[in-house]
Amino acid sequence: MKTNIKLLVNSGEPFAVLVDSFKNGKYTCYSFDDNTHFDATHSYINESKNINNKLDVERYIARLESIGYDNVNIVVPTIQELLENIPVKNWYLGKTNALNVWSNDGTFEKSSQEKVRRVLKANGYSVSFSGGKLMIK
């Protein structure tokens, strides 16, 4: 059986989210610092950052396998999922999300560009803006 996870860090504490474990509004997570399971809300997970360092990822996968998790699979969010969760302002659309601006070929205000750049870069994307238009490499 496959174990779908996301590797995240919040306040310096690395943990794995068991993606298929959503019950009663919470996900079951595994703390690598405490070697314990805990429940996390969706907002706690959204505040966290992905772990992208390849050596850390391999080490954490090995630890999960050593405690009995089989076929560990890291779930990578799509560009659309990431953009959908970034609130931005657009002169034409008003308050919206980055996916709405990007999919309508809109321009991002300066105040929103850094927020979009930070989130996408943390998830391994190379990003630039040209005249307020989002360019993803």
Check each of the chymotrypsin sites (Phe, Trp or Tyr not before Pro) in segment 19-105 and keep only those in coil by DSSP with at most 14 other C-beta atoms within 10 angstrom; list them in order. Phe22, Trp91, Tyr92
Could you tell me the relative contact order of the chain? Use alpha-carbon pairs under 8 Å, at least six residues apart, and round to a whole percent. 18
Using only Cα atoms, find the angle between the long axis of helix 110-122 and the longest principal axis of the chain, and express it within 0 to 90 degrees, rounded to the nearest 10. 30
Please give the contour-minus-distance gain from Asp39 to Asp20: 0.36 nm per residue of separation, less the Cα-Cα distance, rounded to one decimal in nm. 5.5 nm
Per residue, what accessible area does segment 49-137 have, given a 1.4 Å probe and all protein chains present, in Å²? 64
Label-point separation (nm) for Trp91 and Asn53, each offset 7 Å from Cα along Cα-to-Cβ? 4.2
For Lys6, which lysines qualify as cross-link partners when the Cα separation must be under 18 Å and same-chain residues fewer than eight apart are set aside? Lys23, Lys26, Lys49, Lys54, Lys121
Please report the orientation-averaged projected area of the chain, defined via the convex hull of its C-alpha atoms, in nm². 9.4
FRET efficiency (Val127, Ile74; Cβ distance; R0 30 Å; to 0.05) is 0.90
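The values are calculated or read from the model by the stated rules, or taken from the named source; none is laboratory data. Note that this is a predicted model, so its numbers are computed, not measured. All Cβ positions, glycine included, derive from the backbone under ideal geometry; neighbour counts span all protein chains shown. When the accessible area is computed, the model is the full protein with side chains, heavy atoms only, and any ligands, DNA or RNA have been set aside. Shrake-Rupley method; radii C 1.70, N 1.55, O 1.52, S 1.80 Å.
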